[in-house]
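Novice: Next up is a structure, given as structure tokens.
The values are calculated or read from the model by the stated rules, or taken from the named source; none is laboratory data. In this text the structure is predicted, and so the values were computed from the model without any measurement. Methodologically, a virtual Cβ is constructed for each residue, glycine included, from the backbone with ideal geometry; neighbour enumeration extends over all protein chains shown. Side chains included, ligands, DNA and RNA excluded: accessible areas come from the protein's heavy atoms. Shrake-Rupley method; radii C 1.70, N 1.55, O 1.52, S 1.80 Å.
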Amino acid sequence: MTGHLIIIGLGPGDPRWLTPAASEALASATDLVGYGPYVDRVPERPGQRRHASDNRVELDRAGLALGLAAEGGRVAVVSGGDPGVFAMAAAVFEALESGDPAWRSLDIRVEPGITAMLAAAARVGAPLGGDFCAMSLSDNLKPWDIVEARLRAAVAADFVVALYNPISSARPWQLGAAFKIVAEMRSPDTPIILARAVGRPDERIRILPLAEVEASLADMSTVVIIGASTTRLIEKPEGDAPWVYTPRFYGERP
Ligand code: SAH
């Protein structure tokens, strides 16, 4: 089979955060496949076919992309941020695993992008400077029991935790439940970063102590970063938002 499939990360929003390698791959694609708003972020090119779809049909979209590649296309599947982080790359491999065995001889590549938590962290300082982990708070693809058990373990282990998919109209209570779990183990002044639409015109970043944070301050375009016990603020003069950082040393500096 001669077809090509490349799964591309578009970054969080600012076009300057698209890598040159991702740009090149987009320019040479015959077909663009992805969730509508992501496809819309790619400049139109004459002759390039666009297959924009709904967000809930990742596996179908992955199968469509593999099928187009099998017909000899140069297919680009686009995701926001990094395609390997809670996004299309895993869906493509899932479709590949259970799909037409001939698809395995396609030239399939993944082109990385800046994931939301890294863009958010960069805006406020260095909250991910120590050990951290990332979780999707969505219980669409895994049961809430698992989400809760993992969050408890991560907080107990004193990781900084980045929460993707924190809340949506279909999942209104999970983020509040998550903050309650965190509050059982972390101090009320633990810094929480709510970073919304980072790199887009409607970006909004808030830094609040755990005691004051509310789930209603987040939406589905927000990534939430929960500080570890060592995460701290450095105040700026004149009341500007502080920097947030997590030192690389743990406890007292050796
Ligand atoms: N592949 C994406 C994540 C997809 S899951 C990535 O690597 O960033 C979707 C979640 O990502 C959203 O619910 C939100 O938590 C986060 N997200 C994506 N883009 C964002 C942005 N520009 N600013 C803040 N959070 C973002």
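Novice: Which residues, counting only those in the range 122-171, are of a type in the set (S, T, N, Q) and in a strand (DSSP E or B)?
Specialist: Within the range 122-171, S136, S168 qualify.
Novice: Do we have any residue at all in the range 230-241 that's assigned by TED's automatic domain parsing to the domain that holds A121, within 16 Å of the ligand (Cβ to nearest atom) and surrounded by 15 or more Cβ atoms within 10 Å (Cβ to Cβ)?
Specialist: no
Novice: Then there's this: Quick check: is even one residue across the range 43-66 in contact (Cβ under 8 Å) with a residue 60 or more places away in the chain, in a helix (DSSP H, G or I) and on the phi < 0 side of the Ramachandran plot?
Specialist: Yes: the range 43-66 contains one or more residues that are in contact (Cβ under 8 Å) with a residue 60 or more places away in the chain, in a helix (DSSP H, G or I) and on the phi < 0 side of the Ramachandran plot.
Novice: At pLDDT 95 or above, open to solvent by 70 Å² or more (accessible area, probe 1.4 Å) and not aliphatic (A, V, I, L, M), is that true of P201?
Specialist: Judged against the criteria, P201 is a match.
Novice: Could you count how many residues in the range 1-20 are part of a strand (DSSP E or B) and either over 23 Å from F93 (Cα atoms) or open to solvent by 40 Å² or more (accessible area, probe 1.4 Å) (or both)?
Specialist: 1
Novice: Regarding the range 106-113, can at least one residue be identified that is touching a Ser or Thr at 6+ places or on another chain (Cβ under 9 Å), closer than 30 Å to S23 by Cβ, part of a strand (DSSP E or B) and open to solvent by less than 60 Å² (accessible area, probe 1.4 Å)?
Specialist: The answer is yes, given that some residue of the range 106-113 is touching a Ser or Thr at 6+ places or on another chain (Cβ under 9 Å), closer than 30 Å to S23 by Cβ, part of a strand (DSSP E or B) and open to solvent by less than 60 Å² (accessible area, probe 1.4 Å).
Novice: Give all pairs with beta carbons closer than 8 Å in which a residue from the range 126-145 that is within 28 Å of P242 (Cβ to Cβ) meets a residue that is open to solvent by 30 Å² or more (accessible area, probe 1.4 Å) and assigned to a helix (DSSP H, G or I); count only pairs at least 6 apart in sequence or on separate chains.
Specialist: Between residues of the range 126-145 that are within 28 Å of P242 (Cβ to Cβ) and residues that are open to solvent by 30 Å² or more (accessible area, probe 1.4 Å) and assigned to a helix (DSSP H, G or I), the close pairs are L128/L118; M135/R150.
Novice: A further question follows. Can you tell me which residue within the range 74-89, out of those that are open to solvent by 10 Å² or more (accessible area, probe 1.4 Å) and assigned to a loop (DSSP other than H, G, I, E, B), is farthest from the ligand (Cβ to nearest atom)?
Specialist: Within the range 74-89, the match that is farthest from the ligand (Cβ to nearest atom) is G84.
Novice: Hey, another quick one. Quickly run through the range 127-158 and pick out the residues that are under 16 Å from A177 (Cα atoms) and open to solvent by less than 20 Å² (accessible area, probe 1.4 Å).
Specialist: Answer for the range 127-158, where residues must be under 16 Å from A177 (Cα atoms) and open to solvent by less than 20 Å² (accessible area, probe 1.4 Å): M135, S136, L137, S138, V147, L151, A154, V155.
Novice: So, one more: Give the residue, chosen from R41, R61, that is among the basic types (K, R), within 16 Å of the ligand (Cβ to nearest atom) and open to solvent by 50 Å² or more (accessible area, probe 1.4 Å).
Specialist: One residue alone meets the criteria, R41.
Novice: For the range 172-187, enumerate the residues that are over 12 Å from A218 (Cα atoms) and within 19 Å of the chain's Cα centre (by Cα).
Specialist: A178
Novice: While we're looking at this one, here's another question. All but one of (1) in contact (Cβ under 8 Å) with a residue 24 or more places away in the chain; (2) assigned to a helix (DSSP H, G or I) hold for S23; state the number of the condition that does not hold.
Specialist: (1)
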